[in-house]
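Structure, as structure tokens:
The values are calculated or read from the model by the stated rules, or taken from the named source; none is laboratory data. Nothing here was measured: the structure is a model prediction, and the numbers come from that model. Glycine also receives a Cβ, built like all others from the backbone with ideal geometry; neighbour counts cover every protein chain displayed. All accessible areas refer to the heavy atoms of the entire protein, side chains included, with ligands and DNA or RNA removed. Shrake-Rupley method; radii C 1.70, N 1.55, O 1.52, S 1.80 Å.
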Amino acid sequence: MFGSSIYLRDRDAFTGGSPQAVYEELWQRGRKGRLRTRAILAGLTLLLCGALVNAVFGIAMALIVAAVDAYFHWRGYNACRTWRRGLRGDDRMAGLLRLTLERRGHR
């Protein structure tokens, strides 16, 4: 449906409220694909390096490729600012409301 919000309650992917919860849910859903890609990369590296140099080098390079892939996915997950922006916006709005409404006697 065009023009509607993605944070609707009837969508199972987006129930959870906060942007952090939505992001973590979508991250968990992509886990199987990330593991599959990592296994394919490591397997191709094993075959290529094992055929070109030797089996021990192929195994070592496959482990290194898998570790580098895991590191970059982990970095991407931790460096994502999706939920941090939402938290920063909440903090700014709370400060703004506190400044404006407390002056008028509201709590």
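Couple of notes before you dig in:
- When you count the other C-beta atoms within 10 angstrom of each residue and take the mean per peptide, 23-31, 39-47 line up highest first as 39-47, 23-31.
- Note on ARG75: accessible area is roughly 130 Å² with a 1.4 Å probe, heavy atoms of protein only.
- Against the criterion of solvent-accessible heavy-atom surface with a 1.4 angstrom probe, VAL56, VAL22, VAL68 sort, most first, into VAL56, VAL68, VAL22.
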